[in-house]
Amino acid sequence: MNSENISPAKNSIWQDIKASLAGSDRDFTQGSIGRAILILSIPMVLEMLMESVFAVVDIFFVSKLGAEAIATVGITESLMTLIYAIAIGFAMATTAVVARRFGEKEYDKSAVTAIQAIFAALLASAPIAILGGFFAPELLSLMGAEGDIIGEFSIYTTIMFSTNFVIMLIFIINAIFRGAGDANVAMKSLWIANGINIVLDPLLIFGYWIFPELGIAGAAIATSIGRGIGVVYQLYKLFDGTTRINILREHLRIRWDIMWNLIRVSLGGIGQFIIATSSWIGLVRIIAEFGSISLAGYTIAVRILIFSILPSWGMSNAAATLVGQNLGANKPERAEKSTWISAFANMIFLGLVGILFYTNAELLIRIFTAEPEIIEIGAQCLRIMSYGYLAYAFGMVIIQAFNGAGDTFTPTLINLVCFWLIEIPLAYFLAMELGFAEEGVFYSIVVAETLLGIIGFILFKRGKWKTTQV
């Protein structure tokens, strides 16, 4: 009797998992919220896991080149958080608007929106490529770098900035697919991109087989080629007529009104992420005062942190899609319930990850380096930041729920308070004034993220996000 009762449920869950990976035409404004979250979040979690693999793979191979090479990647990534801020902020607006059009059953308008988002991404990437490509050494110098980091290794920064358009496009086009409920396509594009990067990284860095030995430049080239081929796959799927969103020839024209609406909605999101991610630049600048060893340990720890948190962003993105589509279908209570369920699931996941990191910090850092000083600092960073994992998990879902509703102003304000008014001043005070050095910076991150979760909970409960228009 028991097996008869359990078996159908197991089969149903397995069918949902297969549907999420293969692609599903399910209407996410109806039926079980739990199943909707499962179907959306599995490919989104895998998608974000693949995005985090870029960072881990690069640092794994670059770490063989020494502490200064690791520090170069760390400083460059902190500078490129501004690019990620624009890409993610605009991607959030794109997901919100596309999801809303799908909730309204306005499928042709969603396709037009998608094309305008791609045009806007290309326009935004051009000045960044020019400025970042030409002034990479000066940017590294401003961040406190010196010696070989500015000279020999700045080529890494030059290449990453010059090819930023592939970062923009892979985020924006994946946001289009997520908004439409085609999360499996977004996932597959990053599987392709990462597979190519994993193969090319050692070949181009160390010069194996027929490939030239390019050192740190090889890491940047491999990453850009991988992402570029991922973008080609995305574009193919937009036009092949097999996905929920289908671009036709008549959609391929600039619509300034729709593009401006996207930009208007995205300004809050871009500002939100510029505030959040540029705070990492401030933290890196403080840690750089303690030398390349400290910066290398911090860089490795943060890469591991990102690897664990980005899959949770997948679950948060599922919540954003459900909020957008359910608001479009005039079901605000269903949108709210989706958020609470997603937040609870995310807290369970990241809570377990936090325990794993706290108990195995040295082992994880040792995967990337054998230098005792770097291991000590990196392990300390991982342990301290694991204290805030429950708050990270809850806060990221709530923030994405606001964004999915099109209310990007509220998260921007929360980020401004938590990261610029609290985190950076606290990091400087603890590290420089009280003499806690790197440890003070690590604790400031936990305090800021915990505060973000508390404020987000209070404002989300007020419910003003339910009336946002996009």
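The test for being in contact (Cβ under 8 Å) with a residue 24 or more places away in the chain, under 24 Å from L452 (Cα atoms), buried (at least 18 other Cβ atoms within 10 Å of the Cβ) and over 21 Å from the mean Cα position of the chain (by Cα) holds for I286. Taken across region 167-176, residues that are over 28 Å from R100 (Cβ atoms), out of contact with any Pro (no Cβ under 6 Å at 6 or more places or on another chain) and either of a type in the set (G, A, S) or surrounded by fewer than 23 Cβ atoms within 10 Å (Cβ to Cβ) (or both) do not occur at all. Only a single criterion out of (1) touching a Leu at 6+ places or on another chain (Cβ under 8 Å); (2) under 20 Å from A276 (Cβ atoms); (3) of a type in the set (S, T, N, Q) is not satisfied by T81, namely (1). With respect to L248, is the statement that it is over 25 Å from the mean Cα position of the chain (by Cα) and crowded, with 21+ Cβ neighbours inside 10 Å true? In short, no.
For region 428-460: of the residues being of a type in the set (D, E, K, R) and either buried (at least 20 other Cβ atoms within 10 Å of the Cβ) or modelled with pLDDT of 95 or more (or both), which is farthest from S292 (Cα to Cα)? Checked region 428-460; the qualifying residue farthest from S292 (Cα to Cα) is E449. Among the residues in region 304-315, are any more than 16 Å from A393 (Cβ to Cβ) and at pLDDT 80 or above? Within region 304-315 (the criterion being more than 16 Å from A393 (Cβ to Cβ) and at pLDDT 80 or above), the answer is yes, since at least one residue qualifies. Those helices (runs of 4 or more DSSP H) of region 402-470 in which at least 1 residues are more than 26 Å from V323 (Cα to Cα), considering only elements entirely within it, cover 424-428, 438-462.
Listed by first and then second residue, the pairs linking a residue in region 245-267 that is within 26 Å of A405 (Cβ to Cβ) to a residue that is not in a helix (DSSP H, G or I), with Cβ atoms under 8 Å apart and 6 or more places separating them unless they lie on different chains, are I245/D182; N261/V470; V265/G406; V265/T408; V265/V470; S266/T408; L267/T408. In the set (1) among the charged types (D, E, K, R); (2) surrounded by 17 or more Cβ atoms within 10 Å (Cβ to Cβ); (3) not in a helix (DSSP H, G or I), the condition left unmet by R253 is number (2).
With respect to (1) touching an Asp or Glu at 6+ places or on another chain (Cβ under 8 Å); (2) at pLDDT 80 or above, the lone exception for I75 is condition (1). Condition test on S24, is it outside any helix (DSSP H, G or I) and either over 20 Å from the mean Cα position of the chain (by Cα) or at pLDDT 65 or above (or both)? Answer is yes for this residue. Could you please let me know if G463 is surrounded by fewer than 24 Cβ atoms within 10 Å (Cβ to Cβ), within 30 Å of I70 (Cα to Cα) and modelled with pLDDT under 90? For G463, the condition - surrounded by fewer than 24 Cβ atoms within 10 Å (Cβ to Cβ), within 30 Å of I70 (Cα to Cα) and modelled with pLDDT under 90 - is not met.
Does region 191-204 contain at least one residue that is small (G, A, S) and over 29 Å from T95 (Cα atoms)? Checked against the condition, which is being small (G, A, S) and over 29 Å from T95 (Cα atoms), region 191-204 yields no hits at all. I need the full set of residues from region 206-240 which are over 21 Å from the mean Cα position of the chain (by Cα), more than 30 Å from D108 (Cα to Cα) and not hydroxyl-bearing (S, T, Y), in order please. Scanning region 206-240 gives F206, G207, W209, I210, F211, P212, E213, L214, G215, I216, A217, G218. Counting only helices (runs of 4 or more DSSP H) that sit completely within region 88-201, those holding 2 or more residues that are under 17 Å from the mean Cα position of the chain (by Cα) correspond to 164-180. In this structure, G297 does not qualify as of a type outside the set (D, E), without any contact (Cβ under 8 Å) to a residue 24 or more places away in the chain, under 23 Å from E373 (Cα atoms) and out of contact with any strand residue (DSSP E or B) (no Cβ under 8 Å at 6 or more places or on another chain).
The values are calculated or read from the model by the stated rules, or taken from the named source; none is laboratory data. On a predicted model such as this, the values are computed, not experimentally measured, just so you know. When we count neighbours, we look across all protein chains shown, and the Cβ atoms used for this are built from the backbone with ideal geometry, even at glycine.
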